[in-house]
Amino acid sequence: MKTKVKQIELYSFDVFDTLITRRVGVPKGIFALMQEKIKGKMNLPKDFYTIRIESERLAREIGDCREITFDDIYSKMQADYDLNDETINYLKDLEIKTELENLVGIEENILKVQELLKQNERVILISDMYHSSNTIRMFLSHISPIFEKIKIYVSSEYKTSKYEGKLFRIVQQEENIKPQKWVHIGDNKNSDIKKAKNLKIKTEYFEFPPLMRYEEELLGLHPGNADYQRIVGASRITRLNKSENKEKYDFGASFTAPIVYNYVNWILEESLKKGFKTLHFIARDGYIPKIVADLIIEKRGLDIKTKYIYGSRLAWRVPSEENYKSFIELTLNDYCHKLSLYFLAYRLHVDIKYLNQFFNIKNVNQIFTDAERIYIKNQMLNTPEIKQYVLESNTEYRDLLLEYIKQEIDISNNIAFVDINGSGKTQDILANYINTIYPSKTHCFYLTTSIRDDLEKSSIKYTYLSEPRPHYHYFELLFRSLEGQTIGYKKHKNCVIAKQEKIEDTILLKWGFENYIKGIKDFTKNIFNKETINNKELCYIYQEFMTTKCDSQMASILGDIPFLTIGSEKNIQKVAPKLSWREFLLLLIKGNQINELSEFPHITLIRGNALSNFVKQSLLRLQQLPKCFIELKLYFKLKSLKNQKIMFWGASLWLENFIKKYRIKDKNILGIIDQNPNRIGHSVYGYMISSPKELSTKKPDYVVATVKNRARIIYFEINTYLQENYPNIKLYPNIFE
């Protein structure tokens with residue numbers, strides 16, 4: 001009987017990023033962690049991160065061969081920076097210790113080695129590394145005892161490498177193995193795969209998670225930042241996990257998790273300083289932050305409780321005798337682009353047929369014009385019958401809201417809420433209701449919003465990303481939950497519970513929501529090797545990537561999320577559907593705007609292949625040509641008014657872009673008027689922002705309205721204000737018409 005010939009007689013494994021990896025974004029990240037540890041302890045001419053990298057590079061350049069040892073690197077450092085033996089030995093020990101503290105085993109491949117050893121197969125390890133085989137064995141044994149006796153071939157000891165191909169030849173000779181009976185497993189496509197294949201060695205490629213584009217940008221801008229190294233390292237380690245719907249799992253672990261982790265750490269730090277004992281996470285945007293907060297609080301043993309509280313603009317913006325005027329103005333101004341009589345009745349919690357008796361509008365679903373909206377606002381503010389009807393219709397809403405507040409919130413303490421985005425106006429209304437029960441201050445944390453920190457009112461706001469950036473509302477896409485919005489409250493078994501809109505949650509489940517949440521949770525667990533990380537620059541970089549540099553892969557993930565900014569969600573759809581260039585052309589031919597089909601047009605525009613996206617962008621630029629004419633018209637008009645004193649009205653994003661694009665530096669422009677008290681005292685490219693009262697001292701000849709959103713109604717209000725208070729100041733014709 002013939003003996004069965006073994007097909008494979010030798011299995012070799014790469015070490016780093018195949019069997020073990022580090023809790024940092026890239027291998028050099030270990031030096032950033034070392035730099036953090038020695039900060040203030042040594043008087044070095046430059047940061048240690050740079051010194052360590054330079055010393056290794058120079059040691060390779062002056063050596064007899066490319067492969068060097070750990071000692072070679074530190075000898076070069078000692079010579080170049082005149083460091084004594086004690087300092088060098090300390091740094092060498094610190095590097096080994098830091099490596100050990102941040103090593104993580106790659107379970108998938110460790111189990112392969114373990115199984116091969118059980119089957120008495122021959123296993124060796126091959127590494128291109130400056131560390132010695134003894135040090136590498138120490139690293140590996142720190143993770144698993146199975147590596148204590150496995151033969152290790154390392155480039156620093158053989159003075160040649162896998163990269164050159166020669167180390168494979170040495171292994172072949174010493175192991176006396178034919179290439180056809182040898183399998184090498186590794187993560188480097190060149191050193192582990194291509195070079196081995198050139199020698200007829202069989203290979204298995206292990207794909208260690210590559211850096212995402214936004215991670216590359218983050219580490220490229222801040223390579224020596226220890227916190228960013230930890231964050232990206234935790235993301236890559238989390239992406240090693242095998243998961244269903246891995247695309248959404250990886251997105252949650254890599255993009256959303258670092259943002260929410262930094263945000264929640266900031267909230268917890270501020271809460272400890274301010275003595276907040278309970279954090280109320282507002283449904284639904286607070287769902288994911290609460291998950292992360294609970295994990296951090298449990299791990300660190302913090303004396304903070306969390307509570308999930310049901311609320312929304314619709315549930316908390318309830319009119320009362322005290323807030324009626326501000327409520328009506330808020331409702332008719334905030335929702336102008338969606339405001340029909342049907343929508344107005346829905347937000348007012350009133351019967352549309354009864355409300356229409358006062359207005360006699362034929363098409364209740366038609367969006368109001370600016371003139372109609374102003375007329376309706378005046379009627380609602382000045383018609384006692386309408387006011388009485390609205391307040392009476394909301395009696396039960398007010399009573400249930402107050403009862404829910406008493407039931408769910410300890411109003412005798414400082415009350416802290418957590419949200420993602422908002423104007424803070426809803427929070428002001430809620431604070432007023434709370435104060436009718438018990439005089440107290442309410443506090444609310446926001447990730448990003450249009451307001452600045454407001455510390456004076458009874459409703460105090462704190463904003464994490466306080467720098468004004470375009471499209472900050474995009475963050476809302478990342479913070480979803482499976483629940484419908486809270487539309488009010490109802491009694492149930494002697495309790496008040498939330499009344500929620502019924503929505504089709506299968507859309508979000510099919511998108512991969514559960515795996516998305518699991519990715520966020522797993523990241524949070526993997527990052528727990530440091531007390532706290534709170535660095536908002538990461539959030540700004542990731543926000544910019546999402547809003548201006550988003551690639552087609554991210555656009556596909558974000559665009560399929562079911563989402564609606566305002567209104568009923570019964571028929572909720574994908575937030576940014578994919579459009580072919582033909583569909584996009586048809587849309588423009590019909591005279592429609594892309595935002596009629598997409599809540600986030602920027603995302604829709606880049607969903608597709610490169611050619612399709614190029615055509616869509618070109619078509620959009622053609623449609624936007626009139627907008628350029630607006631800018632040019634204003635530019636040349638300003639030149640013609642160079643002998644007149646001018647002030648802009650409205651510190652808008654449009655004005656910021658205009659000043660920057662056309663490099664406006666005219667001395668006859670006295671500044672900018674804005675009614676937002678949070679903007680007053682700041683400047684836009686050198687032009688100071690002032691309140692309307694300053695017109696009496698500035699005395700401009702002309703005011704130019706520069707608020708693009710709701711341009712007609714804003715222009716009308718400015719004109720009315722000037723005629724009543726400063727009739728001698730001319731208002732330049734509306735540039736947006």
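If you filter region 214-238 down to residues that are surrounded by fewer than 22 Cβ atoms within 10 Å (Cβ to Cβ) and among the charged types (D, E, K, R), you find that the one that is farthest from GLU99 (Cα to Cα) is GLU217. When every residue of region 661-674 is checked against the conditions, at least one turns out to be touching a Gly at 6+ places or on another chain (Cβ under 9 Å), of a type in the set (D, E, K, R) and over 18 Å from TYR715 (Cα atoms). For LYS118, the stated conditions do not hold, so it cannot be described as over 29 Å from ARG169 (Cα atoms) and either of a type in the set (Val, Ile, Thr) or surrounded by fewer than 19 Cβ atoms within 10 Å (Cβ to Cβ) (or both). Scanning region 667-690 for residues that are modelled with pLDDT under 90 and among the hydroxyl-bearing types (Ser, Thr, Tyr) turns up SER683, TYR685.
State whether the residues of region 287-299 include one that is free of Cβ contacts under 8 Å to residues at least 40 places away in the same chain, touching a strand residue (DSSP E or B) at 6+ places or on another chain (Cβ under 8 Å) and over 28 Å from GLY488 (Cα atoms). Yes: one or more hits. Of these, ALA283, ALA257, which one is under 22 Å from THR463 (Cβ atoms) and at pLDDT below 95? When all the criteria are applied, what remains is ALA283. Contact map, region 457-469: residues that are at pLDDT below 80 and surrounded by fewer than 20 Cβ atoms within 10 Å (Cβ to Cβ) paired with residues that are part of a loop (DSSP other than H, G, I, E, B) and β-branched (Val, Ile, Thr), Cβ distance under 9 Å, separation 6+ or inter-chain. No pairs are found. The set of residues in region 239-270 being surrounded by fewer than 24 Cβ atoms within 10 Å (Cβ to Cβ) and small (Gly, Ala, Ser) consists of SER243 alone.
Restricting region 268-314 to residues that are aliphatic (A, V, I, L, M) and closer than 16 Å to ILE409 by Cα leaves a set whose member that is farthest from the chain's Cα centre (by Cα) is ILE304.
Taken together, GLU67, GLU95, GLU54, GLU108 contain a single residue that is in the same structural domain as ASP14 (by TED's automatic domain parsing), among the acidic types (Asp, Glu) and either within 25 Å of THR18 (Cα to Cα) or under 39 Å from the mean Cα position of the chain (by Cα) (or both), which is GLU108. Confirm whether ILE664 is among the β-branched types (Val, Ile, Thr), assigned to a strand (DSSP E or B) and modelled with pLDDT of 85 or more. So ILE664 fails the test.
Within region 181-223, the set of residues being within 16 Å of LEU240 (Cα to Cα) and among the aliphatic types (A, V, I, L, M) comprises LEU211, MET212. Pairs meeting the criteria (first residue in region 167-185 and under 23 Å from GLU207 (Cα atoms), second residue in a strand (DSSP E or B) and β-branched (Val, Ile, Thr), beta carbons under 9 Å, at least 6 apart or on different chains) are LEU167/ILE126; LEU167/VAL154; PHE168/ILE126; VAL183/THR203; HIS184/ILE126; HIS184/THR203; ILE185/THR203.
The residues of region 376-390 that are touching a residue at least 12 places away in the same chain (Cβ under 8 Å) and surrounded by fewer than 17 Cβ atoms within 10 Å (Cβ to Cβ), listed by number, are GLN379, LEU381, THR383, GLU385. Within region 364-375, being under 29 Å from ALA498 (Cα atoms) and surrounded by fewer than 16 Cβ atoms within 10 Å (Cβ to Cβ) holds for one residue alone: ASN365.
Restricting the first member to region 327-354 and to residues that are at positive phi, and the second to residues that are modelled with pLDDT of 90 or more and of a type in the set (Phe, Trp, Tyr), the beta-carbon pairs closer than 6 Å and six or more apart or on different chains are HIS349/TYR397.
Of all residues in region 680-722, those satisfying the criterion of being over 28 Å from ASN378 (Cα atoms) and assigned to a loop (DSSP other than H, G, I, E, B) are ILE680, GLY681, HIS682, TYR685, GLY686, LYS699, PRO700, ASP701. Residues that are of a type in the set (Val, Ile, Thr), farther than 15 Å from THR331 by Cα and in a helix (DSSP H, G or I) within region 350-383 comprise just one, ILE352. Determine which single condition ASN421 fails, assuming it passes every other condition in (1) part of a loop (DSSP other than H, G, I, E, B); (2) farther than 18 Å from ALA283 by Cα. Among (1) part of a loop (DSSP other than H, G, I, E, B); (2) farther than 18 Å from ALA283 by Cα, ASN421 violates only (2). Residue count for region 488-498, restricted to those that are buried (at least 17 other Cβ atoms within 10 Å of the Cβ) and of a type outside the set (Phe, Trp, Tyr): 3. Only one of the listed residues (TYR404, TYR346) is crowded, with 19+ Cβ neighbours inside 10 Å, among the aromatic types (Phe, Trp, Tyr) and closer than 18 Å to TYR489 by Cβ. That residue is TYR404.
Would you mind stating whether TYR702 is of a type in the set (Phe, Trp, Tyr), touching a residue at least 40 places away in the same chain (Cβ under 8 Å) and in contact with a Lys or Arg (Cβ under 6 Å, 6 or more places away or on another chain)? Yes.
Applying the condition of being more than 41 Å from the chain's Cα centre (by Cα) and acidic (Asp, Glu) to region 700-725 and asking which residue is modelled with the highest pLDDT yields ASP701.
Inside region 520-540, residues that are modelled with pLDDT of 90 or more and surrounded by 20 or more Cβ atoms within 10 Å (Cβ to Cβ) make up a count of 7. Run LEU400 past the list (1) part of a loop (DSSP other than H, G, I, E, B); (2) modelled with pLDDT of 95 or more and report the number of the one that doesn't hold. The single condition LEU400 does not satisfy is (1).
The values are calculated or read from the model by the stated rules, or taken from the named source; none is laboratory data. All figures in this text were calculated on a predicted structure; none of them were measured in a lab. Cβ sites come from the backbone with ideal geometry, for glycine too, and all protein chains shown count toward neighbours.
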